[in-house]
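For reference, the structure discussed in these notes is given below.
The values are calculated or read from the model by the stated rules, or taken from the named source; none is laboratory data. This structure is a prediction, so every number in the text was calculated from the model and none was measured. Cβ atoms come from the backbone with ideal geometry, glycine included; neighbour counts cover every protein chain shown.
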Amino acid sequence: MMLLNQKTRRAIAILYFFYVAAALLPAQNPCRAPFNTTERSDDPEAAFNDYVRRFVADGRHLNTDLKTIPTVVHIFYDAAADSLPIERVQSQITAMNLDFRRLNPDTVKTRSQFKAVAADCQIEFCLASIDPQGQPTRGVVWHHIPGFNPDLLASFMQATQWPPLHYLNFWVTPNGEGGFSSFAWEAGSETDGFVVGAKQFGTFGSNLKDGFNEGGTGTHEAGHYLGLYHTFHDGFPYLGQCFPPCDSTGDHVCDTPLDWTLAFSTEQCEDGQRFCDNGAVFFTMSENYMAYAFDTCTNVFSQGQRIRMRAALDSLRAELCSPANLAATGCLPPTNDQEPMPVVQKLQAFPNPAHDMVYVQIPSASGGQIRLWNGQGNAVLSQTVSPGTTEIQVPVVGLPAGFYWLEWRNNGLSGVGKIVIWR
């Protein structure tokens with residue numbers, strides 16, 4: 001085998017980069033990413049990157065409160081066959097919730113060198129149950145647009161957008177592929193939110209593109225929406241360098257090794273091996289949701305990426321997950337308006353995640369009623385608790401995967417808890 005010197009190898013890498021950029025990107029309809037930034041006080045992107053550093057210095061990244069984002073999904077369709085069912089929408093939201101909580105079933109694919117930095121981001125998405133006019137909603141709106149023209153997409157987004165400081169707007173285009181997103185520093189803009197093509201939306205459907213049936217494109221775009229760059233963002237200027245400053249170069253995340261280029265193909269799960277000018281070798285986190293790859297290849301957000309997203313929800317997107325906004329959009333735990341009662345205790349349930357059965361510990365032995373609510377605010381199960389019972393079995397075998405609220409009420413007492421059903 002002929003050995004190549006560093007100069008030759010570098011030249012080949014440069015040619016390879018431009019070959020891949022020309023051949024791969026248009027085919028994938030990739031999401032939009034910002035260009036290089038300058039650290040100017042009047043640059044909102046640079047200001048956010050500065051804020052992330054202060055966020056960490058102040059220790060606010062250690063907060064583990066669950067952040068819930070009210071979401072509305074807009075389905076654009078031309079023919080009736082393009083009108084996706086609500087079950088497919090729910091499958092996409094469930095997939096994103098599992099990915100952001102590190103409950104996705106393919107966590108076993110995260111390579112050993114990255115397991116220590118794999119993150120539960122403590123972020124979830126809730127389909128809103130109250131619309132901007134205060135009326136009930138399922139969090140999904142179907143928009144019939146005859147002769148849908150992708151060139152007019154921005155206009156369609158502006159015309160259908162719900163108030164972007166109060167809802168995450170998620171648009172789906174008929175027969176489309178790929179996606180793109182606004183970034184955290186574009187909060188409140190006329191097209192704030194993100195788009196995913198129907199061929200890469202949800203986890204089932206005859207029109208899904210091969211390799212994109214796990215909801216990964218939605219997870220990827222949600223990462224941009226919350227302030228994440230691609231793992232290969234601004235990496236090419238550092239071609240051949242192993243470890244440039246990590247918090248101000250590339251994707252501004254220290255535990256996702258700088259990547260100089262793209263995978264040879266999104267049709268394989270590449271190992272991310274990179275060769276440095278000094279002869280050293282390192283591996284990029286090619287299984288990261290913010291890389292370009294099939295859904296079957298991606299399975300992890302890093303702790304550093306979690307910090308950036310939590311910083312966005314602490315600042316530019318803080319209104320989304322505020323208690324007042326969660327109440328206004330219907331994404332708080334459900335309550336009975338005719339019987340207002342304070343929550344006196346958090347319900348304990350196990351196993352959690354559950355599959356067929358969940359055991360719920362009852363705070364009082366006085367009996368009562370257990371209800372299970374899905375993320376859309378619909379009661380999906382109700383069960384009587386007999387007096388003297390301190391633990392009850394709740395069957396969940398027929399329910400789809402996702403997040404659910406448990407609620408117990410009796411004689412002026414109540415409790416709530418949350419469970420995950422995992423298939």
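Quick notes
- Within segment 362-423, strands (runs of 3 or more DSSP E) holding 3 or more residues that are of a type in the set (Asp, Glu): none
- Strands (runs of 3 or more DSSP E) completely within segment 61-170 that count 2 or more residues being closer than 15 Å to residue 215 by Cα and assigned by TED's automatic domain parsing to the domain that holds residue 306: 123-127
- Hits in segment 275-306 (condition: outside any loop (DSSP other than H, G, I, E, B) and either under 14 Å from the mean Cα position of the chain (by Cα) or surrounded by fewer than 19 Cβ atoms within 10 Å (Cβ to Cβ) (or both)): 275, 281, 282, 283, 288, 300, 302, 303, 305, 306
- If you go through segment 291-313 and keep only what is closer than 19 Å to residue 249 by Cα and in contact with a strand residue (DSSP E or B) (Cβ under 9 Å, 6 or more places away or on another chain), you end up with 301, 302, 303, 305, 306, 309.
Condition check ((1) within 14 Å of residue 123 (Cα to Cα); (2) not charged (D, E, K, R)) across all residues:
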| position | (1), (2) |
| --- | --- |
| 287 | no, no |
| 296 | no, yes |
| 305 | yes, yes |
| 320 | yes, yes |
| 326 | yes, yes |
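- Count of residues meeting criterion [surrounded by 14 or more Cβ atoms within 10 Å (Cβ to Cβ) and in contact (Cβ under 8 Å) with a residue 40 or more places away in the chain] in segment 132-156: 11
- Matching residues, segment 44-65, being under 20 Å from the mean Cα position of the chain (by Cα), loosely packed, with under 15 Cβ neighbours inside 10 Å and not hydrophobic (A, V, I, L, M, F, W, C): 63, 64, 65
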